[in-house]
Amino acid sequence: MEFLQKWLPQVWALMNESKIIGGIVIVVAFAILAWVVDFIINRVLTRLVRKSKFRLDDQILEILHRPVWVSVVLVGAITAVQWIAPRPPYPFILTALLKSLLVLIWAFAINRVLLRIMEDLISHWREARREGSEIIGLVGNIARILVLAGGAFLLLSTWKINISPLLASAGIAGVAVALAAKETLSNFFGGVTVLLDQPYKVGDYIVLDSGERGEVVQIGLRSTRILTRDDVQISIPNAIITNTKVINESAPEPRFRVRIKVGVAYGSDIDQVEGVLLKTAADNPLVSPKPEPRVRFRTFGDSSLDFELLCWAHRPHDKGRIIHELNREIYKQFNQEGIVIPFPQRDVHVYSQGE
(Lines give C-alpha, C1' and ligand atoms only; values in the text may rest on other atoms or scores of the structure.)
Protein backbone atom coordinates (compact mmCIF):
# COMPACT_ATOMS: atom_id res chain seq x y z
CA MET A 1 0.00 0.00 0.00
CA GLU A 2 2.84 2.35 0.84
CA PHE A 3 4.47 1.34 -2.46
CA LEU A 4 1.42 2.44 -4.41
CA GLN A 5 1.11 5.69 -2.48
CA LYS A 6 4.77 6.42 -3.24
CA TRP A 7 4.89 5.50 -6.91
CA LEU A 8 1.42 6.33 -8.25
CA PRO A 9 1.86 10.13 -8.02
CA GLN A 10 5.21 9.87 -9.77
CA VAL A 11 3.78 7.67 -12.56
CA TRP A 12 0.84 10.05 -12.97
CA ALA A 13 3.17 13.03 -13.21
CA LEU A 14 5.33 11.21 -15.77
CA MET A 15 2.26 10.31 -17.84
CA ASN A 16 1.15 13.95 -17.88
CA GLU A 17 4.63 15.08 -18.78
CA SER A 18 5.01 12.70 -21.76
CA LYS A 19 1.89 11.53 -23.61
CA ILE A 20 3.77 8.71 -25.33
CA ILE A 21 5.04 7.32 -22.02
CA GLY A 22 1.50 7.67 -20.67
CA GLY A 23 0.16 5.65 -23.61
CA ILE A 24 2.76 2.95 -23.00
CA VAL A 25 1.83 2.82 -19.30
CA ILE A 26 -1.86 2.42 -20.20
CA VAL A 27 -1.13 -0.40 -22.65
CA VAL A 28 1.05 -2.19 -20.10
CA ALA A 29 -1.61 -1.77 -17.40
CA PHE A 30 -4.33 -3.24 -19.60
CA ALA A 31 -2.00 -6.05 -20.70
CA ILE A 32 -1.50 -6.96 -17.03
CA LEU A 33 -5.28 -6.78 -16.53
CA ALA A 34 -5.77 -9.08 -19.56
CA TRP A 35 -3.28 -11.55 -18.02
CA VAL A 36 -5.25 -11.48 -14.74
CA VAL A 37 -8.51 -12.10 -16.62
CA ASP A 38 -6.91 -14.97 -18.54
CA PHE A 39 -5.60 -16.43 -15.28
CA ILE A 40 -9.05 -16.25 -13.65
CA ILE A 41 -10.69 -17.94 -16.65
CA ASN A 42 -8.08 -20.71 -16.80
CA ARG A 43 -7.76 -21.44 -13.09
CA VAL A 44 -11.18 -20.59 -11.68
CA LEU A 45 -13.98 -20.54 -14.24
CA THR A 46 -12.71 -23.55 -16.20
CA ARG A 47 -12.67 -25.69 -13.04
CA LEU A 48 -16.15 -24.54 -12.09
CA VAL A 49 -17.74 -25.39 -15.44
CA ARG A 50 -16.00 -28.77 -15.54
CA LYS A 51 -17.91 -29.76 -12.40
CA SER A 52 -21.24 -29.34 -14.16
CA LYS A 53 -22.93 -32.19 -15.99
CA PHE A 54 -23.35 -30.20 -19.18
CA ARG A 55 -20.81 -29.98 -21.99
CA LEU A 56 -22.30 -26.83 -23.47
CA ASP A 57 -20.97 -24.46 -20.79
CA ASP A 58 -17.44 -25.84 -21.32
CA GLN A 59 -17.71 -25.19 -25.04
CA ILE A 60 -19.10 -21.68 -24.58
CA LEU A 61 -16.31 -20.76 -22.14
CA GLU A 62 -13.73 -22.15 -24.56
CA ILE A 63 -15.13 -19.97 -27.36
CA LEU A 64 -15.32 -16.78 -25.26
CA HIS A 65 -11.97 -17.24 -23.49
CA ARG A 66 -9.75 -15.62 -26.09
CA PRO A 67 -12.16 -12.83 -27.16
CA VAL A 68 -12.43 -11.67 -23.51
CA TRP A 69 -8.74 -11.08 -22.82
CA VAL A 70 -8.08 -9.82 -26.37
CA SER A 71 -10.91 -7.31 -25.87
CA VAL A 72 -9.22 -6.05 -22.68
CA VAL A 73 -5.99 -5.46 -24.65
CA LEU A 74 -7.87 -3.66 -27.45
CA VAL A 75 -9.72 -1.43 -24.98
CA GLY A 76 -6.34 -0.53 -23.48
CA ALA A 77 -5.02 0.34 -26.95
CA ILE A 78 -8.07 2.55 -27.66
CA THR A 79 -7.60 4.29 -24.31
CA ALA A 80 -3.89 4.83 -25.08
CA VAL A 81 -4.70 6.38 -28.47
CA GLN A 82 -7.18 8.76 -26.86
CA TRP A 83 -4.59 9.63 -24.16
CA ILE A 84 -1.83 10.34 -26.66
CA ALA A 85 -4.25 12.29 -28.90
CA PRO A 86 -2.14 12.49 -32.09
CA ARG A 87 -3.02 15.04 -34.69
CA PRO A 88 -6.02 14.33 -36.96
CA PRO A 89 -6.97 12.16 -38.76
CA TYR A 90 -4.85 9.55 -36.94
CA PRO A 91 -6.99 9.34 -33.76
CA PHE A 92 -10.11 8.58 -35.80
CA ILE A 93 -8.36 6.03 -38.05
CA LEU A 94 -6.60 4.19 -35.21
CA THR A 95 -9.69 4.18 -32.98
CA ALA A 96 -11.91 2.98 -35.84
CA LEU A 97 -9.47 0.17 -36.67
CA LEU A 98 -9.33 -1.03 -33.06
CA LYS A 99 -13.11 -0.80 -32.65
CA SER A 100 -13.56 -2.70 -35.93
CA LEU A 101 -11.38 -5.50 -34.56
CA LEU A 102 -13.54 -5.60 -31.43
CA VAL A 103 -16.75 -5.81 -33.48
CA LEU A 104 -15.39 -8.59 -35.72
CA ILE A 105 -14.03 -10.61 -32.81
CA TRP A 106 -17.32 -10.52 -30.90
CA ALA A 107 -19.53 -10.98 -33.97
CA PHE A 108 -17.76 -14.22 -34.86
CA ALA A 109 -17.58 -15.33 -31.21
CA ILE A 110 -21.31 -14.85 -30.65
CA ASN A 111 -21.96 -16.57 -33.98
CA ARG A 112 -19.98 -19.61 -32.86
CA VAL A 113 -21.79 -19.66 -29.50
CA LEU A 114 -25.19 -19.61 -31.24
CA LEU A 115 -24.06 -22.42 -33.57
CA ARG A 116 -22.98 -24.60 -30.62
CA ILE A 117 -26.23 -23.95 -28.75
CA MET A 118 -28.27 -24.75 -31.87
CA GLU A 119 -26.36 -28.00 -32.52
CA ASP A 120 -26.73 -29.05 -28.87
CA LEU A 121 -30.49 -28.40 -28.83
CA ILE A 122 -31.04 -30.21 -32.12
CA SER A 123 -29.05 -33.19 -30.85
CA HIS A 124 -31.08 -33.40 -27.62
CA TRP A 125 -34.40 -33.07 -29.46
CA ARG A 126 -33.50 -35.82 -31.91
CA GLU A 127 -32.31 -38.12 -29.13
CA ALA A 128 -35.65 -37.56 -27.39
CA ARG A 129 -37.40 -38.18 -30.74
CA ARG A 130 -39.19 -34.86 -30.53
CA GLU A 131 -40.40 -32.97 -33.56
CA GLY A 132 -39.41 -29.41 -34.35
CA SER A 133 -35.64 -29.65 -34.70
CA GLU A 134 -36.03 -27.85 -38.03
CA ILE A 135 -37.53 -24.89 -36.18
CA ILE A 136 -34.50 -24.77 -33.86
CA GLY A 137 -32.18 -24.76 -36.87
CA LEU A 138 -34.25 -22.06 -38.54
CA VAL A 139 -34.35 -19.81 -35.47
CA GLY A 140 -30.64 -20.37 -34.87
CA ASN A 141 -29.71 -19.45 -38.43
CA ILE A 142 -31.89 -16.34 -38.31
CA ALA A 143 -30.21 -15.30 -35.04
CA ARG A 144 -26.76 -15.79 -36.56
CA ILE A 145 -27.70 -13.70 -39.59
CA LEU A 146 -28.99 -10.94 -37.31
CA VAL A 147 -25.72 -11.00 -35.34
CA LEU A 148 -23.69 -10.63 -38.53
CA ALA A 149 -26.02 -7.89 -39.77
CA GLY A 150 -25.66 -6.08 -36.43
CA GLY A 151 -21.88 -6.41 -36.68
CA ALA A 152 -21.92 -4.92 -40.18
CA PHE A 153 -24.09 -2.05 -38.93
CA LEU A 154 -21.64 -1.33 -36.09
CA LEU A 155 -18.69 -1.41 -38.50
CA LEU A 156 -20.34 1.11 -40.78
CA SER A 157 -21.26 3.30 -37.81
CA THR A 158 -17.66 3.12 -36.53
CA TRP A 159 -16.37 4.48 -39.83
CA LYS A 160 -19.14 7.16 -39.95
CA ILE A 161 -20.69 5.75 -43.11
CA ASN A 162 -24.29 6.83 -43.77
CA ILE A 163 -26.39 3.67 -44.03
CA SER A 164 -29.76 5.30 -44.82
CA PRO A 165 -29.45 4.70 -48.61
CA LEU A 166 -28.45 1.09 -47.94
CA LEU A 167 -31.49 0.53 -45.72
CA ALA A 168 -33.80 2.04 -48.35
CA SER A 169 -32.31 -0.18 -51.06
CA ALA A 170 -32.59 -3.24 -48.82
CA GLY A 171 -36.27 -2.48 -48.18
CA ILE A 172 -37.07 -2.23 -51.88
CA ALA A 173 -35.10 -5.41 -52.61
CA GLY A 174 -36.93 -7.21 -49.79
CA VAL A 175 -40.35 -6.29 -51.20
CA ALA A 176 -39.29 -7.48 -54.67
CA VAL A 177 -38.01 -10.80 -53.31
CA ALA A 178 -41.17 -11.32 -51.22
CA LEU A 179 -43.41 -10.82 -54.29
CA ALA A 180 -41.27 -13.09 -56.47
CA ALA A 181 -41.14 -15.86 -53.85
CA LYS A 182 -44.77 -15.69 -52.71
CA GLU A 183 -45.44 -19.45 -53.07
CA THR A 184 -42.14 -20.36 -51.44
CA LEU A 185 -42.87 -18.09 -48.48
CA SER A 186 -46.38 -19.56 -48.18
CA ASN A 187 -44.94 -23.07 -48.01
CA PHE A 188 -42.28 -21.91 -45.55
CA PHE A 189 -44.78 -20.35 -43.12
CA GLY A 190 -47.05 -23.37 -43.62
CA GLY A 191 -44.16 -25.61 -42.56
CA VAL A 192 -43.54 -23.46 -39.50
CA THR A 193 -47.24 -23.75 -38.63
CA VAL A 194 -47.19 -27.55 -38.98
CA LEU A 195 -44.05 -27.88 -36.83
CA LEU A 196 -45.45 -25.61 -34.10
CA ASP A 197 -49.07 -26.85 -34.11
CA GLN A 198 -48.10 -30.51 -34.70
CA PRO A 199 -51.40 -31.86 -36.14
CA TYR A 200 -49.32 -34.92 -37.06
CA LYS A 201 -45.75 -36.13 -36.61
CA VAL A 202 -43.33 -38.44 -38.39
CA GLY A 203 -44.63 -42.02 -38.19
CA ASP A 204 -48.32 -41.06 -38.01
CA TYR A 205 -50.84 -42.35 -40.54
CA ILE A 206 -52.88 -39.57 -42.09
CA VAL A 207 -55.69 -39.38 -44.65
CA LEU A 208 -55.82 -36.31 -46.86
CA ASP A 209 -59.00 -34.58 -47.95
CA SER A 210 -58.30 -35.86 -51.48
CA GLY A 211 -58.33 -39.48 -50.24
CA GLU A 212 -54.61 -40.34 -50.12
CA ARG A 213 -53.61 -42.35 -47.04
CA GLY A 214 -50.09 -43.00 -45.87
CA GLU A 215 -47.39 -42.72 -43.23
CA VAL A 216 -45.72 -39.37 -42.65
CA VAL A 217 -42.03 -39.91 -43.42
CA GLN A 218 -40.75 -36.32 -43.42
CA ILE A 219 -41.96 -32.89 -42.33
CA GLY A 220 -39.93 -30.17 -44.01
CA LEU A 221 -40.18 -26.41 -44.15
CA ARG A 222 -41.42 -26.57 -47.75
CA SER A 223 -43.44 -29.80 -47.94
CA THR A 224 -44.70 -32.86 -46.08
CA ARG A 225 -44.00 -36.31 -47.51
CA ILE A 226 -46.16 -39.37 -46.95
CA LEU A 227 -45.55 -42.97 -48.03
CA THR A 228 -48.65 -44.89 -49.15
CA ARG A 229 -49.22 -48.61 -48.66
CA ASP A 230 -48.24 -49.03 -52.33
CA ASP A 231 -44.79 -47.59 -51.48
CA VAL A 232 -45.57 -44.45 -53.44
CA GLN A 233 -44.19 -41.24 -51.94
CA ILE A 234 -46.43 -38.19 -52.11
CA SER A 235 -45.06 -34.70 -51.49
CA ILE A 236 -47.66 -32.12 -50.42
CA PRO A 237 -46.71 -28.41 -50.24
CA ASN A 238 -47.23 -27.12 -46.72
CA ALA A 239 -49.29 -24.18 -48.00
CA ILE A 240 -51.86 -26.73 -49.24
CA ILE A 241 -51.78 -29.15 -46.32
CA THR A 242 -52.34 -26.38 -43.75
CA ASN A 243 -55.53 -25.32 -45.57
CA THR A 244 -57.10 -28.73 -46.01
CA LYS A 245 -58.72 -31.32 -43.75
CA VAL A 246 -56.26 -33.95 -42.52
CA ILE A 247 -57.40 -37.06 -40.63
CA ASN A 248 -54.73 -38.39 -38.27
CA GLU A 249 -55.44 -42.06 -37.65
CA SER A 250 -52.59 -42.28 -35.11
CA ALA A 251 -53.89 -39.59 -32.75
CA PRO A 252 -54.72 -39.21 -29.98
CA GLU A 253 -54.02 -42.97 -29.58
CA PRO A 254 -51.79 -44.94 -31.95
CA ARG A 255 -54.32 -47.79 -32.27
CA PHE A 256 -56.84 -47.85 -35.11
CA ARG A 257 -60.42 -49.09 -35.13
CA VAL A 258 -61.35 -51.84 -37.59
CA ARG A 259 -64.95 -52.56 -38.64
CA ILE A 260 -65.94 -55.90 -40.21
CA LYS A 261 -69.48 -56.01 -41.58
CA VAL A 262 -71.04 -59.42 -42.11
CA GLY A 263 -74.55 -60.66 -42.85
CA VAL A 264 -76.07 -64.01 -41.85
CA ALA A 265 -79.22 -65.71 -43.00
CA TYR A 266 -82.54 -65.20 -41.28
CA GLY A 267 -83.08 -67.99 -38.76
CA SER A 268 -79.41 -68.07 -37.65
CA ASP A 269 -78.59 -68.30 -33.94
CA ILE A 270 -77.52 -64.72 -33.18
CA ASP A 271 -75.72 -65.76 -29.95
CA GLN A 272 -73.70 -68.30 -31.91
CA VAL A 273 -72.85 -65.67 -34.55
CA GLU A 274 -71.72 -63.21 -31.90
CA GLY A 275 -69.58 -65.83 -30.17
CA VAL A 276 -67.83 -66.85 -33.40
CA LEU A 277 -67.03 -63.25 -34.28
CA LEU A 278 -65.63 -62.44 -30.83
CA LYS A 279 -63.52 -65.63 -30.74
CA THR A 280 -62.13 -64.88 -34.20
CA ALA A 281 -61.04 -61.40 -33.09
CA ALA A 282 -59.60 -62.64 -29.79
CA ASP A 283 -57.47 -65.30 -31.53
CA ASN A 284 -55.85 -62.81 -33.91
CA PRO A 285 -52.51 -61.48 -32.48
CA LEU A 286 -52.76 -58.25 -34.48
CA VAL A 287 -55.98 -57.28 -32.67
CA SER A 288 -55.50 -55.18 -29.54
CA PRO A 289 -57.05 -56.77 -26.42
CA LYS A 290 -57.71 -53.33 -24.94
CA PRO A 291 -60.34 -52.07 -25.67
CA GLU A 292 -62.00 -55.45 -25.99
CA PRO A 293 -63.54 -56.45 -29.35
CA ARG A 294 -67.31 -56.28 -29.50
CA VAL A 295 -70.13 -57.21 -31.84
CA ARG A 296 -73.15 -55.11 -32.74
CA PHE A 297 -76.37 -56.30 -34.38
CA ARG A 298 -76.96 -53.39 -36.71
CA THR A 299 -80.10 -53.97 -38.72
CA PHE A 300 -82.54 -56.35 -40.40
CA GLY A 301 -81.45 -56.33 -44.02
CA ASP A 302 -83.41 -57.30 -47.11
CA SER A 303 -81.71 -60.70 -47.29
CA SER A 304 -79.68 -60.95 -44.06
CA LEU A 305 -79.24 -60.08 -40.41
CA ASP A 306 -76.45 -57.48 -40.48
CA PHE A 307 -73.75 -57.65 -37.78
CA GLU A 308 -70.61 -55.58 -37.30
CA LEU A 309 -67.41 -56.72 -35.55
CA LEU A 310 -65.58 -53.82 -33.89
CA CYS A 311 -61.95 -54.26 -32.84
CA TRP A 312 -58.72 -52.25 -32.66
CA ALA A 313 -55.40 -52.65 -34.45
CA HIS A 314 -52.21 -51.86 -32.55
CA ARG A 315 -51.02 -49.67 -35.44
CA PRO A 316 -52.92 -48.04 -38.32
CA HIS A 317 -50.79 -49.67 -41.00
CA ASP A 318 -52.01 -53.13 -39.81
CA LYS A 319 -55.54 -52.26 -40.93
CA GLY A 320 -55.46 -54.01 -44.32
CA ARG A 321 -53.83 -57.17 -42.99
CA ILE A 322 -56.27 -57.46 -40.07
CA ILE A 323 -59.31 -57.08 -42.32
CA HIS A 324 -57.90 -59.77 -44.63
CA GLU A 325 -57.16 -62.24 -41.83
CA LEU A 326 -60.45 -61.67 -40.01
CA ASN A 327 -62.51 -62.07 -43.18
CA ARG A 328 -60.75 -65.36 -44.01
CA GLU A 329 -61.18 -66.76 -40.52
CA ILE A 330 -64.83 -65.64 -40.21
CA TYR A 331 -65.66 -67.39 -43.49
CA LYS A 332 -63.95 -70.59 -42.33
CA GLN A 333 -65.63 -70.55 -38.91
CA PHE A 334 -69.07 -69.86 -40.39
CA ASN A 335 -68.67 -72.87 -42.68
CA GLN A 336 -67.61 -75.07 -39.77
CA GLU A 337 -70.49 -73.87 -37.56
CA GLY A 338 -73.06 -74.14 -40.34
CA ILE A 339 -73.80 -70.41 -40.33
CA VAL A 340 -75.07 -69.33 -43.73
CA ILE A 341 -73.95 -66.08 -45.36
CA PRO A 342 -76.83 -65.20 -47.69
CA PHE A 343 -76.67 -63.35 -50.96
CA PRO A 344 -79.36 -61.17 -52.51
CA GLN A 345 -81.93 -63.27 -54.38
CA ARG A 346 -85.28 -62.76 -55.99
CA ASP A 347 -88.13 -65.16 -56.56
CA VAL A 348 -89.56 -64.82 -60.06
CA HIS A 349 -93.02 -66.21 -60.61
CA VAL A 350 -94.15 -66.75 -64.20
CA TYR A 351 -97.84 -66.90 -64.87
CA SER A 352 -99.23 -68.11 -68.16
CA GLN A 353 -102.30 -66.21 -69.25
CA GLY A 354 -104.75 -68.17 -71.26
CA GLU A 355 -105.72 -66.81 -74.62
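Checked against the criterion of being touching a Phe, Trp or Tyr at 6+ places or on another chain (Cβ under 8 Å) and not acidic (Asp, Glu), the candidates Ile78, Ile93, Ile41, Ile24 yield just one match: Ile41. Screening the candidates Lys290, Lys261 for the property of being at pLDDT below 90 and not assigned by TED's automatic domain parsing to the domain that holds Val202 yields one hit, Lys290. Pairs are defined by a Cβ separation below 8 Å, a sequence spacing of at least 6 or placement on different chains, a first member in the range 329-351 that is assigned by TED's automatic domain parsing to the domain that holds Asp283 and farther than 18 Å from Tyr266 by Cβ, and a second member that is modelled with pLDDT of 90 or more and part of a helix (DSSP H, G or I); the pairs so defined are Glu329/Thr280; Ile330/Val276; Ile330/Leu277; Ile330/Thr280; Gln333/Val276; Gln333/Lys279; Gln333/Thr280.
Answer yes or no as to whether Leu146 is part of a helix (DSSP H, G or I), aliphatic (A, V, I, L, M) and touching a helix residue (DSSP H, G or I) at 6+ places or on another chain (Cβ under 9 Å). Against the criterion (part of a helix (DSSP H, G or I), aliphatic (A, V, I, L, M) and touching a helix residue (DSSP H, G or I) at 6+ places or on another chain (Cβ under 9 Å)), Leu146 does not qualify. Residues in the range 272-324 that are of a type in the set (Asp, Glu) and touching a Leu at 6+ places or on another chain (Cβ under 7 Å): Asp318 alone. When the range 206-250 is limited to residues that are under 19 Å from the mean Cα position of the chain (by Cα) and assigned to a loop (DSSP other than H, G, I, E, B), the one that is modelled with the lowest pLDDT turns out to be Leu221. All told, Asn16 meets the bar of being farther than 13 Å from Trp69 by Cβ and either exposed (fewer than 12 other Cβ atoms within 10 Å of the Cβ) or modelled with pLDDT of 85 or more (or both).
Across the range 151-178, the qualifying residues are those that are in a loop (DSSP other than H, G, I, E, B) and among the β-branched types (Val, Ile, Thr), and the one among them that is modelled with the lowest pLDDT is Ile163.
Summed over the range 74-96, residues that are closer than 20 Å to Val28 by Cα and in a helix (DSSP H, G or I) total 14.
Within the range 342-351, is even one residue at pLDDT 90 or above and of a type in the set (A, V, I, L, M)? Looking through the range 342-351, none of the residues is at pLDDT 90 or above and of a type in the set (A, V, I, L, M). Among residues of the range 200-228 that are within 18 Å of Asn187 (Cβ to Cβ) and free of Cβ contacts under 8 Å to residues at least 24 places away in the same chain, those with a beta-carbon under 6 Å from a residue that is among the basic types (Lys, Arg) and assigned to a strand (DSSP E or B) at least six positions away or on a different chain give the pairs Val217/Arg225; Gln218/Arg225. Pairs meeting the criteria (first residue in the range 64-87 and under 11 Å from Lys99 (Cα atoms), second residue basic (Lys, Arg) and part of a helix (DSSP H, G or I), beta carbons under 8 Å, at least 6 apart or on different chains) are Ile78/Lys99.
Only one entry in Leu64, Leu56 is farther than 20 Å from Lys160 by Cβ, of a type outside the set (Lys, Arg), under 41 Å from the mean Cα position of the chain (by Cα) and surrounded by fewer than 17 Cβ atoms within 10 Å (Cβ to Cβ), namely Leu56.
The values are calculated or read from the model by the stated rules, or taken from the named source; none is laboratory data. In this text the structure is predicted, and so the values were computed from the model without any measurement. A quick note on method: Cβ atoms are made from the backbone with ideal geometry, for glycine too, and the neighbour counts reach across all protein chains shown.
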